[in-house]
Amino acid sequence: MAKKRKILSSSEFWIFGSILLAFIELGTKYFMKYSLNRLSVLDFSILNIGNLINLFSVLAVSVALLRLMYSNSSSKFVIARRAFLILLFALVFDYVALFMRVFEVNITSLYLFFYPLNKIIIGSIYIFNQLCLFLIFYYVFIKTKDNKKYPALKSLLYSMFSFVFIVLSAFIYTTFFTGDEFTKKKQYTYRVGVVLGAAVWKKEEPSPIFKGRILKAKALLDSNVIDIIQVTGGKAPGELTESQAANKFLTEAGVKSKDIWIESRTSTTSEQILYAREHIQKRVGTGNIIIISDRFHLPRIITMCDFFNVDAKVAPSDYVLNWRREFYYSARESLALLLFWIFAI
């Protein structure tokens, strides 16, 4: 009498377990992106570029695992188990980042390149998580196809190349974005011009980049394009509150206090765009906001406005950077844009 076949073989158990973990990881990522940014299920859109990247990564891993299941590889069990363990490791890192964000765990209060080091640590955890997904896909694919030497090393290199490709795509988008959307519609008027905060130097002086944003807002106010200037930005170590420094600069330049709104608690671009959604847009209505920042910053602002459902236009500052600083800021923004695409931080 023939033996009954098991419902799942050992390798199939690990394969389906890995696919299940991959989709749990996807659900966790979507939860973090929306819930931690105070957004509801109704705000979710699968057409968001970051959500598509998340979904594609998990589907690619799932397809590679299913391909392994139907292959003739003699190492199915080992490959599937390794994929499961790597996915489990990535999921643990997801929950570490979730814990840090929910309970506002501050490992350090230091800043690096004018950005909170604590958030850089969380961003690094997320990058590692994404690299794990790339690694699984390439490892399973390579091992299924052949058993040549160094599959782990090849998978790691391909994963790094994939990540660099996405960063370069973000860099190209950031570098060649013209920022002329507002220029083409400058005859339109807006209720509020939102100046995003930037560094404040010694003696309560806005940095040149910040000053460029402030002067652009004043020019728009003087030309009656906007009615109110909303300055934003909290306090970084050793500095005056960014919004207070901007307010001081504007009042000394002749702008009346009644034409300035001040917000002094946000510290990042995402917090400032969320503030625009929860406070400014509710106060003045949709279509009445223009956000002022540097040209290299605008692609990420537009992405955030789309994610947070903020109906706003953008206007570039007139401050001109030399090519070295333009390259530096564009490169930094590329990585920040990628982190927001995939993880909404």
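The values are calculated or read from the model by the stated rules, or taken from the named source; none is laboratory data. Please read all numbers here as calculations on a predicted model, not as lab measurements. Counting neighbours? That spans all protein chains shown, and the Cβs are built from the backbone with ideal geometry, glycine included.
Residue-by-condition table, conditions (1) closer than 25 Å to E104 by Cβ; (2) in contact with a strand residue (DSSP E or B) (Cβ under 8 Å, 6 or more places away or on another chain); (3) buried (at least 19 other Cβ atoms within 10 Å of the Cβ):
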site	(1), (2), (3)
Q272	yes, yes, yes
Y275	yes, no, yes
N288	no, yes, yes
I292	no, yes, yes
V310	yes, yes, yes
A331	no, no, no
L338	yes, no, yes
Qualifying residue in segment 91-104 (condition: part of a loop (DSSP other than H, G, I, E, B) and over 22 Å from F16 (Cα atoms)): yes
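Quick one: in segment 248-264, of everything that is part of a loop (DSSP other than H, G, I, E, B) and of a type outside the set (K, R), which residue is surrounded by the most Cβ atoms within 10 Å (Cβ to Cβ)?
Going through segment 248-264, the residues part of a loop (DSSP other than H, G, I, E, B) turn out to be 253-256, 263-264.
Checking which are of a type outside the set (K, R) leaves us with 253-255, 263-264.
Working: A253: 11, G254: 8, V255: 18, E263: 21, S264: 15.
Looking at the filtered set, the residue picked out is E263.
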Out of L26, L88, L8, sole residue that is in contact with a helix residue (DSSP H, G or I) (Cβ under 8 Å, 6 or more places away or on another chain), surrounded by 18 or more Cβ atoms within 10 Å (Cβ to Cβ) and either part of a helix (DSSP H, G or I) or without any contact (Cβ under 8 Å) to a residue 12 or more places away in the chain (or both): L26
S267 being crowded, with 17+ Cβ neighbours inside 10 Å, hydroxyl-bearing (S, T, Y) and not in a loop (DSSP other than H, G, I, E, B): no
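Go through segment 194-218 and give me each residue that's touching a residue at least 60 places away in the same chain (Cβ under 8 Å) and either over 25 Å from the mean Cα position of the chain (by Cα) or farther than 22 Å from R277 by Cα (or both).
First, pick out the residues of segment 194-218 that are touching a residue at least 60 places away in the same chain (Cβ under 8 Å): 194-199, 208-209, 211-213, 215-217.
Of everything in segment 194-218, those that are touching a residue at least 60 places away in the same chain (Cβ under 8 Å) and either over 25 Å from the mean Cα position of the chain (by Cα) or farther than 22 Å from R277 by Cα (or both) turn out to be A199, P208, I209, K211, G212, L215, K216, A217.
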Filtered residues of segment 167-193 (kept if at pLDDT below 70 and in contact with a helix residue (DSSP H, G or I) (Cβ under 6 Å, 6 or more places away or on another chain)): G179
Residue, farthest from A90 (Cα to Cα), within segment 292-345, restricted to residues that are part of a helix (DSSP H, G or I), of a type in the set (V, I, T) and in contact (Cβ under 8 Å) with a residue 24 or more places away in the chain: I301
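Give the residue, chosen from F77, F99, that is at pLDDT 90 or above, out of contact with any helix residue (DSSP H, G or I) (no Cβ under 7 Å at 6 or more places or on another chain) and either buried (at least 19 other Cβ atoms within 10 Å of the Cβ) or not hydroxyl-bearing (S, T, Y) (or both). Give the steps one after another, and end with the answer.
Values: F77 fails: out of contact with any helix residue (DSSP H, G or I) (no Cβ under 7 Å at 6 or more places or on another chain).
From the options F77, F99, the qualifying one is F99.
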The one condition in (1) surrounded by fewer than 19 Cβ atoms within 10 Å (Cβ to Cβ); (2) assigned to a helix (DSSP H, G or I); (3) touching a helix residue (DSSP H, G or I) at 6+ places or on another chain (Cβ under 9 Å); (4) free of Cβ contacts under 8 Å to residues at least 24 places away in the same chain that L42 fails to fulfil: (3)
Some residue of segment 227-239 being acidic (D, E) and closer than 21 Å to L110 by Cβ: yes
